[in-house]
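Down below is the structure, laid out as structure tokens.
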Amino acid sequence: MSEWLVLTLAMAAACAVVLTIVVINNRRVREDDDPSETPDVIEYMTMMIGVVYAIVLGLAIAGVWEARGAAQDSVRQEAQALHEISARVQVYPAEVRDRTRADVDAYVSYVVRKEWPHMSEHGELTDRSAALLERVRRDVTDYRPANDHEGQAYQPLVDMVAMADEARGARGDSAGATMPGVVWFGLITGALVTVGLIFTLQIRRSLRELLLAGLFSALIAFLLFLIWDFDSPFSHGISAAVEPYVDLFPHAR
């Protein structure tokens, strides 16, 4: 059973139960009942719906903000690991050192210039970047240290390659949108309901009331835009995402 069907059945069941209870209670009302003595629940329900929706918005913003931060951390970790490889390979012979640094530069340049636009458009990594990173791995692992000094640098270099590969995988996992469609359905539906409830309070056409209603609607639209902007860390604000690479490898730009 799909999640959309489950959601539809749950919402329909909840509405049916509430409406059934209301109808049964109305049939049991006595003739001498005075509705004016019963507190008006419209304002209370409007307030509670607004509070619940505010909590949902807050949780959604916190979730996408955390996902965006994790994506930025993975980029920073990958760039730092590659920079450490270029720096630590200094103890190797010139031929191995130059080849490794050239392959690292080729990988970084490809990621910044080619893979980032592809990742932004398609939400996935490319096979070419995996092949370039594999060349860096081969440069590090295939070399046999000639002395103790080179041997002490070998394992840290292998660890840096593994760290870069792991960070690349995390970057790929964050390439697409993080918010499920059912959450967006709830956010948009909740926004329509919350704004629509304004009209249940007999809003008039005075300047103050119209201004407050407009600001309230604009605030909800802004928060939804904020969630949408943070939802895809690499699709929006690309220049900010590649800064760790450019800071450590200025020629990559």
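Comparing Leu192, His251, Val17 along the charge dipole axis of the chain, the residue lying farthest to the positive side is His251, per the Cβ-charge model. Rounded to the nearest 20, the size of the Cβ-charge dipole of region 100-253 about its Cα centre is 820 debye, with Lys and Arg at +1 and Asp and Glu at -1.
Multiply the residue separation of Thr46 and Val6 by 0.36 nm, subtract the distance between their alpha-carbon atoms, and state the gained length in nm to one decimal. Taking Thr46 through Val6 to full extension adds about 11.8 nm, to one decimal. Here the extension length gained between Gln90 and Arg135 equals 14.4 nm, from 0.36 nm per residue of separation less the Cα-Cα distance.
Across the chain, the longest run free of exposed loop sites, meaning GluC sites (Glu not before Pro) lying outside DSSP classes H, G, I, E and B with no more than 15 other Cβ atoms within 10 Å, spans 125-253. Across region 104-193, C-alpha contacts under 8 Å between residues 6 or more apart give a mean separation that, scaled by the residue count, equals a relative contact order of 31 percent.
Between the helical axis of 42-88 and the longest alpha-carbon principal axis of the chain there is an angle of about 0 degrees. Using 0.36 nm per residue and subtracting the Cα-Cα separation, the extra length available between Glu121 and Leu207 on full extension is 26.5 nm. With the helix formula -39500 (n - 2.57) applied to DSSP H stretches of n ≥ 4, the chain reaches a computed 222 nm mean residue ellipticity of -25500 deg cm²/dmol. Between the entries (1) 27, 19, 17; (2) 34, 20, 17; (3) 59, 19, 14, the label attached to semi-axes √(5λ) of the Cα gyration tensor in Å calculated for this structure is (3). Mean sequence separation of contacting Cα pairs (under 8 Å, at least six apart), scaled by the length of the chain, corresponds to a relative contact order of 32 percent. Helix 181-196 versus the longest principal axis of the chain: what angle, 0 to 90°, nearest 10, using Cα atoms? Rounded to the nearest ten degrees, it is 40.
In the chain, the longest principal axis of the Cα atoms and the axis of helix 207-231 are about 30 degrees apart. For Asp247, neighbours were defined as the other residues whose beta-carbon sits under 12 Å from its Cβ, and their charges (Lys and Arg +1, Asp and Glu -1) total +1. Panel order for Thr189, Thr46, by other beta carbons found within 10 Å of each beta carbon, from fewest to most: Thr189, Thr46.
Each reported figure results from applying straightforward, stated rules to the coordinates on display, with no laboratory input. Not measured: the values here are computed from a predicted model. Every residue, glycine as well, gets a Cβ built from its backbone with ideal geometry; the counts of neighbours run over all protein chains shown.
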